[in-house]
Amino acid sequence: MPGLPTVDEALAAVLARVERCSATCVATFHEAVGSVLAEEIRADHDHPPFRRSKVDGYAVRSADVSTGSTTLRIACRIAAGTPPGDCIRPGEAARIFTGAAVPDGADAVAMQERCAAAAADDDDGSSVRVEAGAASADNLVPQGAECHRGAVVASPGDVVTPGLVGALNSAGAWRGLVLAPPRVSIVATGSELVPATDVPGPGQIRNSNAPSIFAAVRACGGAVIREATVGDDAEAMREALRNGLDGDLLVVTGGVSVGDFDLVPQLLEELGVTKVLHGVKLQPGKPLWFGVKGGTLVFGLPGNPVSALVNMALFVRPAMAKRMGRAAPRNFRGTLGAPVGKGTWRRKYVPASARDLSGGLDAAPVVTPVAFQGSGDLFGFSRANCLVVVPEDSAPRMAGDPVECVPLFEVMR
Ligand code: AMP
Ligand code: MG
């Protein structure tokens, strides 16, 4: 079908209409993992805040033990969490434990394992024999070595990862401004739909798109603010679509093709949504409709459940990522585990299962198409974790050939 955009052209047209979200919200960082920071965070104190012992042992003056095996008087005992002990004087050591503050006067910590065994066990005793000596700065982390007070810990645009959550909390920042997650409305259309809780009557099917699209939105970091299911009735649809236009995204499923009951494109345009594209050289998912109204991105996805999810992965996910200030998941290279047929006039995406059977770090995972009956077959699709890209007009490919793959929605919780 000449005239339709390719997948790349359609994605470029979508992304050209997506602005990075400017709305922010205050979030507790550990609850907001995966979101993007919207403010600069500086450390409120040095880290470590004191000279920290890296080991269990004895804080010493290196000058006292520079000549090798030396016996020192134990002046005090300092556990992690207690204030530093008194300053030690020449000829003295402090019994110290990992994470404790090294006392003034000491400039090194001798590891317990390098001190005379009898003396090392003798916590309450009065002396320790430091067998191997210690050089200045041995086994201690200077105050502020990891981060100075006032230093930038994180900047706007940084993704909140578990490591950053730890660093922010160490810097005294347990909550702050992050970009707000995209607010998404979902409208499923179709007079044949009944909820999963019902047993379908003659001609009816269960509504799988509303929950699967909800799940995909969640997996992409969005917040579903409204969900509606309506029959192929212009009045009911208009009402649901109008209500759905107040968020950042409206995702509609069904009714976007060319049948008598495919009313969605016309209704959206009547509601003031400007059409950007309708139809893509893509299989499955050709009927995709996309438009904008103000700051709201509107996606009309085909009702076929697999087509809808493929469109979510190819278009809605990158759009949401750009809005969130994040990179979209990258395609990866796989090695075909079974042949795939030749390409046609539209780019094809074949549901497949990628498994790292090679065991090698550098080897591409083996990617095997799953048994799949077409764009209505959620049961086959549900066994896939990626899509193999079959380029337009490409030759058939054999097992062992390299292929480009699109990861499906990865959710780890
Ligand atoms: P449509 O795009 O409305 O022509 O629908 C295409 C196919 O997808 C039809 O077989 C519909 O019954 C099916 N379909 C549409 N919406 C849903 C839905 N929410 N859940 C499951 N199947 C659907
Ligand atoms: Mg329909």
Check: Here are some residues: Val26, Val18. Which one is open to solvent by less than 40 Å² (accessible area, probe 1.4 Å) and of a type in the set (Val, Ile, Thr)?
Finding: Val18
Item checked: Among (1) within 11 Å of ligand 1 (Cβ to nearest atom); (2) surrounded by fewer than 15 Cβ atoms within 10 Å (Cβ to Cβ) - the single one Val252 does not satisfy -> (2)
Next item on the list: Kindly indicate which of Pro84, Pro156 is in contact with a Pro (Cβ under 6 Å, 6 or more places away or on another chain) and open to solvent by 20 Å² or more (accessible area, probe 1.4 Å).
Entry: Pro84
Check: Before we move on, is Ala27 within 21 Å of Pro142 (Cα to Cα) and either assigned to a strand (DSSP E or B) or touching a residue at least 24 places away in the same chain (Cβ under 8 Å) (or both)?
Finding: no
Note to self: Tally up the residues in the stretch 137-165 that are in contact with a helix residue (DSSP H, G or I) (Cβ under 9 Å, 6 or more places away or on another chain) and under 19 Å from Ala80 (Cα atoms), please.
What the structure shows: 3
Notebook entry, point to check: Quick one: in the stretch 205-222, which of the residues that are over 16 Å from Pro195 (Cα atoms) and open to solvent by less than 40 Å² (accessible area, probe 1.4 Å) is farthest from ligand 2 (Cβ to nearest atom)?
Noted result: Gly221
Notebook entry, point to check: Is the stretch 190-203 home to any residue that is within 16 Å of ligand 2 (Cβ to nearest atom), surrounded by 17 or more Cβ atoms within 10 Å (Cβ to Cβ), within 30 Å of the chain's Cα centre (by Cα) and under 27 Å from Asn243 (Cα atoms)?
Noted result: no
Item checked: Yes/no for Gly255 being out of contact with any Lys or Arg (no Cβ under 8 Å at 6 or more places or on another chain), more than 30 Å from Ala328 (Cα to Cα) and of a type in the set (Gly, Ala, Ser) -> no
Next item on the list: Please report, ordered by residue number, the helices (runs of 4 or more DSSP H) entirely within the stretch 259-324 with at least 2 residues that are within 16 Å of ligand 2 (Cβ to nearest atom) and open to solvent by 10 Å² or more (accessible area, probe 1.4 Å).
Entry: 264-270
Notebook entry, point to check: Can you name every residue in the stretch 338-370 that is assigned to a loop (DSSP other than H, G, I, E, B) and at pLDDT below 95?
Noted result: Asp356, Leu357, Ser358, Gly359, Gly360, Leu361, Asp362, Ala363, Ala364, Pro365
Margin query: Restricting to the stretch 30-55, count the residues that are assigned to a loop (DSSP other than H, G, I, E, B) and open to solvent by less than 60 Å² (accessible area, probe 1.4 Å).
Written below: 9
Note to self: Is it the case, given these coordinates, that Asn331 is out of contact with any helix residue (DSSP H, G or I) (no Cβ under 8 Å at 6 or more places or on another chain), within 30 Å of Ala23 (Cβ to Cβ) and open to solvent by less than 50 Å² (accessible area, probe 1.4 Å)?
What the structure shows: no
Notebook entry, point to check: Does Asp64 satisfy the condition of being touching a residue at least 12 places away in the same chain (Cβ under 8 Å), out of contact with any helix residue (DSSP H, G or I) (no Cβ under 8 Å at 6 or more places or on another chain) and open to solvent by 70 Å² or more (accessible area, probe 1.4 Å)?
Noted result: no
Checklist line | Residue within the stretch 136-150 that is of a type in the set (Lys, Arg) and in the same structural domain as Asp64 (by TED's automatic domain parsing) present | finding: no
Note to self: If I go through the stretch 87-108 residue by residue, how many of them are open to solvent by less than 60 Å² (accessible area, probe 1.4 Å) and more than 48 Å from the chain's Cα centre (by Cα)?
What the structure shows: 4
Margin query: For the structure I just gave you, tell me whether Ser155 is away from ligand 2 (no atom under 16 Å from the Cβ), modelled with pLDDT of 95 or more and not acidic (Asp, Glu).
Written below: yes
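The values are calculated or read from the model by the stated rules, or taken from the named source; none is laboratory data. Keep in mind the model is a prediction, meaning the values are calculated, not measured. Cβ coordinates were reconstructed from backbone atoms using ideal geometry, including for glycine residues, and neighbour counts include every protein chain displayed. What goes into the accessible areas is simple: the full protein's heavy atoms, side chains included, and nothing from ligands, DNA or RNA. Shrake-Rupley method; radii C 1.70, N 1.55, O 1.52, S 1.80 Å.
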